[in-house]
Amino acid sequence: DVCSSDLLAKTGSASTSTVAGSPNSLRANAGTQSTITVQLKNGGGATLTASGGTVTFASLPANQGTIGAVTDNGNGTYTATYTVGTYAGNVVLQPKVNGINFTNTLSLTVLAGAPTVSNSTVAGTNATLVAGANGTSTITVQLKDVNGNNLTFSDGTITFDALSTGLGSLGSVVDNGNGTYSVTY
């Protein structure tokens, strides 16, 4: 039937359509956004150049952010804005065309936000040392953002206040490159 094959050629297919984000990497709770673009393709994989159905997205858990209204650009593409939430990690966006889940999904990387002193932690390997016994303790700082997400990358310089005379000494602070900094006492 000519009419049904013509209709299929002009309808978006969930198995061949694509989705992309720009940028693909964002910071949590920084008010940052990514523009999400869907390109509808028909069942044969040909790019549509006109509207080809209704595009929506599966909802996200509240802490993973929000997706704004989807705009049909009238040329086979649809756009929406993703706004980050408080979650740091991979966020998977699941587009749908005419209610059917795409085969292709979009994975965005949401990095922890800027470090905060109030949420970051400090811990030592030895909480008790004996005076005069030349004991050591490795002190580690874990940077965290305002939401309590661990930073997993270097972000700034960590310093320690000088110790009073006779209370021991601190070595050089080492940036471990993963959001933690350590020093030997």
What is the chain's relative contact order, in percent, from Cα pairs under 8 angstrom and six or more apart in sequence?
18 percent
I want the local charge near residue 145. Using Cβ-Cβ distances under 10 Å, sum +1 for each Lys or Arg and -1 for each Asp or Glu among the other residues.
+1
Calculate, for residue 160 and residue 49, the FRET efficiency according to 1/(1 + (r/R0)^6) with r their C-beta to C-beta distance and R0 45 Å; round to the nearest 0.05.
0.15
Place a point 7 Å from the Cα of residue 63 along the Cα-to-Cβ direction; which residues of region 137-176 have their backbone N under 17 Å from it?
144-152
Using the heavy atoms of the protein chains alone and a 1.4 angstrom probe, what is the accessible area of region 1-159 per residue in square angstrom?
53 Å²
Of 161, 72, 145, which is the most mobile in a GNM of the chain whose springs link Cα atoms less than 10 angstrom apart?
161
From phi via Karplus (6.51, -1.76, 1.60), per-residue ³J(HN,Hα) for region 48-57 in Hz, x at Gly/Pro:
7, 10, 9, 3, x, x, 9, 9, 9, 10
Can you grab the distance from the C-alpha centre of region 37-54 to the C-alpha centre of region 94-131, Å, no decimals?
34 Å
In order through region 135-150: 3J(HN,Hα) via Karplus (6.51 cos²θ - 1.76 cosθ + 1.60), integer Hz, x for Gly, Pro
x, 10, 9, 8, 9, 10, 9, 10, 6, 10, 8, 4, 8, x, 6, 5
Quick one: pull the percent of accessible area on region 56-185 belonging to carbon and sulfur, 1.4 Å probe, ligands and nucleic acids left out.
51 percent
Can you run phi through the Karplus equation (6.51, -1.76, 1.60; θ = phi - 60°) for region 170-176 and list ³J(HN,Hα) in whole Hz, with x for Gly and Pro?
10, x, 7, 6, 10, 7, 7
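The values are calculated or read from the model by the stated rules, or taken from the named source; none is laboratory data. Small disclaimer: the values here were computed from a predicted structure and weren't measured. Heads up, the Cβs are rebuilt from the backbone with ideal geometry, glycines too, and the neighbour counts pull from every protein chain shown. Ligands, DNA and RNA are excluded from the accessible area calculation, which covers all protein heavy atoms including side chains. Shrake-Rupley method; radii C 1.70, N 1.55, O 1.52, S 1.80 Å.
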